[in-house]
Ligand SMILES: Nc1ncnc2c1ncn2[C@@H]1O[C@H](COP(=O)(O)OP(=O)(O)O)[C@@H](O)[C@H]1O
Ligand SMILES: [Mg+2]
């Protein structure tokens, strides 16, 4: 019996392969995600364990508000005082202690631009000969920096940006660009790529000066004396430390650092897995549909088996066995395809500016197990319904032509189950979106399940919608395609369940794409509106990557430009107030001349009155914390200072985002409370406004600051939206995977249909249809199916976007008509592409054989 | 799985059917395919069912095989009343007692001749009896063609595979619906010979539908159906007598 099932499968190789592809792609995405993220994790872990390999204990600064991965602003922990090193060195358990600087600095390429893509960091370290035993870097060529003008850079940067030994290179740290001579090329041991990160190594005094840390350190590496365990060493050091410092064993430190990055990587992993999930979900539709068609075509065969004594259960088992074999093969193929896809995904992210470190490819057991289990289970789940259908094939079908299967119990209920499923879906989504007091996890779960149920419900309803829709959507085909077109229109509605299921798979991908597109359009308009409302400056200056904070020296340089009226920097940092960490900004009195703030309490002169203790808060944050003008509040900074502030003004930021955080203080206060203050934005007003001449003047003033970028309002809006645009494109690319899966679904259905209608197609040829007309017939049918998918998916996506918008209290509703039209056209093209193979097969049919076909 | 089927009837005949009617559809368009048929078949008999097209022959065979249910009436196969059996019991009964030969052979295209013949055993999870397989292959003249797929076999050969397949389980009764209907007359005669041979050699009970008057020479009894009723029973008639009866029925 098992052999019979397997032989049957072998006899339908093409069909089996087409079915498998639906699962292969989804599994490849799952396995590829694991391989990629594991590889990145391993790289980070190698980096950190290398860094702390020879340190028995590591002393670092400790942020008073804890480590957090919060948004903009300088999140560097406080530095260590110089005297600490001497104290540590005198401890009996210490054999050697060496202090160093670790900060970030940008290297400047030959083109005068910052080296490094996207958000990759520019790492900067200090080098001391006495600390060599702790040094994680290996010198490849040249020598370690020895004098104030020396630098060593990493090998990848040296070769990629062609900086040979002996040449000078520009560095931007706190102040304007400074030039250093390259004395050494270094690399990180055991890591093939640090991603887009660059490395700069200076002598300790140079680094201290460069980063404004004179007499201070960021780390102290300690080696224990003979016979002293790292634990004992740590407990010996601990009493010496101020509150703003901490000590850990080298191993703990490496683990902690790995853990800090793995949090982010886990989010990244889940994000990618979600797309694998969508692809698999779509794949399950394709499989279910393909199997039902195959089973319908094998009715006679299955019935014969029943007359020969096969039980319904045996039929069920043989179909499930077939699915199991297909699922297993597909999962294995997908698993290994994932290895290649991991590389592809990494390339994709690099091209989107996300360049993460790599080491040797990690192919974990978990990857294998999860990929296989998920692939096989999804295939089996998708096969269940067709398999149950197969058990309803009555033995009499062996002798009766065109025997129809009795309808399933569910089908006899008509469209009620679909209605119930949709209602349930909407209920689930409403719960997820609006019911208060739920955790984010359960909210997402409710929304996710709701969306799944919605797709299922609409797919269940689709067979009823197909005949009328196909008539409408087939109109152009019937008008333009002649006989082939009209036949195609009829064929599309001939087996509504089949067409519906094929179209539903495409619907899912299109819904997601539309959802993303509509939300993005909403965010974009909202952001543009808010810039239009807020931005009254002539120019803005940000980092070249649009989002990193930059040193305030650039702001000072701009002030010296003749004709400049206002230069107002917006500082950014992290702080802790009312028990949670938040972004803190700082403004100067000039801010009201460059930003049109909407005041709830206060007025344009309020920023000038902030002084040392005034605070400016946003309306929502104020009401959430019951604040009004005169309310006291305290803010803790990472270095441990507690600022006692009084609310002086409340402003109402535009919905689309504001350049000011929920809490702003004065720049003067900020600059004393935060070491190394940095600006997120700097706004400039200049006599004559934004003119080419002024642009030239200001750019000249910024020539020493290659990490700063001058932009007009339009450019600013565009640049600030670049992140969103990138994300949007990334989502489109990732979602296209599930669309590709659904295209295979269309190919499957058409191939099987052609096979099933062999006799009919032969007849059409016999009565004079040309090959070309036959091909056109298939193409039209394919396009009609694709359009059905679009007709279901696009409105669904718009509705979902509306719901999400409302839930986020962000009821932006910009329907990007142009984008949606593009989606419809894309669906048509997809339909044409999917029809290529089936149409060719149909065209190749030999008339005589087709008519004899049994 | 293999709970033994207990005979529920009392009749010693292999087939014992009473008052079979079968109505297709409802209301004005209803068709009465069978209008009260009773038959008994004794062990080892070869019974031929004849009659004009549409007289209900196939319907009768399907009901006897448990593939279809009568509108009224009862059928006992090997002493078991089958019209009220659940699907699972019926399947077991089919495995154990019934062999069916189809007009269109109904072989599985991906299996070779031998695998097709052994299929009922592999479905039942039973070990094939090699001696019996060789005997059937020899009797059906398929020994050399055992590893050919149906597509590589002639119509006659395919039908011989189907007959061997129905005999492999030693069924209590072999039912054949126009086994020669899709074959030329020479091949048809060979198939009729084969069936007669099986009845003689293995004491196999057979009920077969045919249009071929030459069946007269091999059948023990001929039942003639018209309009869903048995209108005549011929025993030991010649082919010409059979032809005459048939012509009066049109
Ligand atoms: N599935 C069916 N539905 C409706 N009528 C049927 C069906 N099968 C057979 N019939 C009708 O029942 C009568 C007997 O058919 P059948 O048993 O196939 O006759 P035979 O095999 O003798 O040619 C015919 O009138 C036929 O049209
Ligand atoms: Mg018939």
Discussion item. Testing residue B:112 on (1) more than 9 Å from chain A (Cβ to nearest Cβ); (2) within 13 Å of ligand 1 (Cβ to nearest atom); (3) on the phi < 0 side of the Ramachandran plot, one condition comes back false. Which one is that?
Written reply: (2)
Worksheet item: Going by the structure shown, is residue A:739 modelled with pLDDT of 90 or more, part of a helix (DSSP H, G or I) and under 28 Å from residue A:27 (Cβ atoms)?
Response: yes
Practice prompt. Name the one entry in B:75, B:49, B:15 that is more than 28 Å from residue A:315 (Cβ to Cβ) and touching a strand residue (DSSP E or B) at 6+ places or on another chain (Cβ under 6 Å).
Written response: B:49
Practice prompt. Considering only the range A:1-26, state which residues are in contact (Cβ under 8 Å) with a residue 24 or more places away in the chain and within 37 Å of the chain's Cα centre (by Cα).
Written response: A:14, A:15, A:16, A:18, A:19, A:20, A:21, A:22, A:23, A:24, A:25, A:26
Worksheet item: Just to be sure, is residue A:556 under 17 Å from residue A:698 (Cβ atoms) and assigned to a helix (DSSP H, G or I)?
Response: yes
Worksheet item: Which of the residues that make up the range A:4-16 are more than 7 Å from chain B (Cβ to nearest Cβ) and in a helix (DSSP H, G or I)?
Response: A:5, A:6, A:9, A:13, A:14, A:15, A:16
Item to complete: Run down B:143, B:180, B:205 and say which single residue is away from every other protein chain (no Cβ under 14 Å) and within 16 Å of ligand 1 (Cβ to nearest atom).
Response: B:180
Fill in: Residues located in the range B:172-192, provided they are in a helix (DSSP H, G or I), in contact (Cβ under 8 Å) with a residue 24 or more places away in the chain and more than 15 Å from the chain's Cα centre (by Cα)
B:185, B:187, B:188, B:189, B:190
Worksheet item: Which of (1) more than 14 Å from chain A (Cβ to nearest Cβ); (2) within 28 Å of residue B:182 (Cα to Cα); (3) touching a strand residue (DSSP E or B) at 6+ places or on another chain (Cβ under 7 Å) is the odd one out, the single condition residue B:99 does not satisfy?
Response: (1)
Discussion item. Within the range B:18-35, take every residue that is within 17 Å of residue B:73 (Cβ to Cβ) and more than 11 Å from ligand 1 (Cβ to nearest atom) and give me the one that is surrounded by the most Cβ atoms within 10 Å (Cβ to Cβ).
Written reply: B:20
Worksheet item: How about the range A:721-736: which of its residues are modelled with pLDDT under 90 and over 14 Å from the mean Cα position of the chain (by Cα)?
Response: A:722
Worksheet entry | Pairs with Cβ under 7 Å, 6+ apart, first in the range B:41-67 and without any contact (Cβ under 8 Å) to a residue 24 or more places away in the chain, second more than 12 Å from ligand 1 (Cβ to nearest atom) and in a loop (DSSP other than H, G, I, E, B) | none
Fill in: Unmet criterion (only one of (1) part of a helix (DSSP H, G or I); (2) in contact (Cβ under 8 Å) with a residue 24 or more places away in the chain; (3) surrounded by fewer than 22 Cβ atoms within 10 Å (Cβ to Cβ)) for residue A:789
(3)
Worksheet entry | strands (runs of 3 or more DSSP E) contained in the range B:43-102 and holding at least 2 residues surrounded by fewer than 21 Cβ atoms within 10 Å (Cβ to Cβ) and away from ligand 2 (no atom under 12 Å from the Cβ) | B:72-77
Discussion item. Please go through (1) over 16 Å from the mean Cα position of the chain (by Cα); (2) more than 15 Å from ligand 1 (Cβ to nearest atom); (3) in contact (Cβ under 8 Å) with a residue 40 or more places away in the chain; (4) more than 14 Å from chain A (Cβ to nearest Cβ) for residue B:84 and return the number of the only condition it doesn't satisfy.
Written reply: (3)
Worksheet item: Does at least one position in the range A:339-360 carry a residue that is modelled with pLDDT under 90, farther than 16 Å from residue A:279 by Cα, in a strand (DSSP E or B) and assigned by TED's automatic domain parsing to the domain that holds residue A:281?
Response: yes
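The values are calculated or read from the model by the stated rules, or taken from the named source; none is laboratory data. All values derive from a computational prediction rather than experimental measurement. Quick reminder, even Gly has a Cβ in these numbers, built from the backbone with ideal geometry, and neighbours come from all protein chains shown.
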